[in-house]
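Each remark here refers to the structure printed beneath this line.
The values are calculated or read from the model by the stated rules, or taken from the named source; none is laboratory data. All values derive from a computational prediction rather than experimental measurement. All Cβ positions, even for glycine, are placed from backbone atoms using ideal geometry, and neighbour counts span all protein chains on display. Please note that ligands, DNA and RNA were not included when accessible areas were found on the heavy atoms of the full protein model with its side chains. Shrake-Rupley method; radii C 1.70, N 1.55, O 1.52, S 1.80 Å.
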Amino acid sequence: VISIFKSCGGTSHEIFTKLFNTAVLPVILYSAGIWGLRNFPKLNGILNKAGRFFLGLPPKAPTTAVQGEMGWNSISYHTKLQVIRLYSRIKGMDDNRLTKRIFQWSEGLAGNNWVNSVKKFLQRNDLPDITNLNSRDAIKVCSPVLEATEKENWRSNLWNDKGLANGNKLRTYRSFKKAFLRNPT
């Protein structure tokens, strides 16, 4: 993405975002339906590095500011959507399929397995019941809830002064940045 950006002499935010979402994000999210409930900070580092490059910021620029200016959700948000997509897809499969039978078998098991982890995740995050929804509808229902959580996390990071007398280094930025959007309307 960066080399394409340089070869074009720069692009708009929309084109850069489209390039990132079509060329980089699918690679990062490969099999995220299985591992997506865990957090991998290095994956968010890729997202932040691309944002810093586009904005022309130094490597030590705060990630909260990069995220706020780019208007991009974290990798964690995208991986959680992939988990929801896979869960609802398997839930909607025909009962004769081997994948569905294994899913049903693991639902009955006690302990920590993928199915139980997803159920706990859905309950813990107050996500609506997606039991009878297809994967598209499940994403439509859960996406706004996860996005609201993303925005709240961003806002709390922006205002977290970490007990410092003068506040964090974003004190000037937060005086004029109120919305988690690139171009707030």
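Details
- Enumeration of residues in segment 72-97 that are surrounded by fewer than 16 Cβ atoms within 10 Å (Cβ to Cβ) and polar (S, T, N, Q): N96
- Of the listed requirements (1) in a helix (DSSP H, G or I); (2) within 22 Å of W114 (Cβ to Cβ), L37 misses just one: (1).
- For V66, the criteria (1) open to solvent by less than 70 Å² (accessible area, probe 1.4 Å); (2) over 19 Å from N21 (Cβ atoms); (3) free of Cβ contacts under 8 Å to residues at least 24 places away in the same chain hold in every case but one, which is (2).
- Taking the criterion of being on the phi > 0 side of the Ramachandran plot and open to solvent by 60 Å² or more (accessible area, probe 1.4 Å), the only residue of segment 99-146 that qualifies is D126.
- Those helices (runs of 4 or more DSSP H) of segment 76-177 in which 2 or more residues are farther than 30 Å from A61 by Cα occupy 98-107, 114-124, 135-159.
- Extreme residue, most open to solvent (accessible area, probe 1.4 Å), among residues of segment 47-61 that are among the aliphatic types (A, V, I, L, M) and in a helix (DSSP H, G or I): L55
- One residue alone among I28, I15, I4 is open to solvent by less than 40 Å² (accessible area, probe 1.4 Å) and of a type in the set (V, I, T), and that residue is I28.
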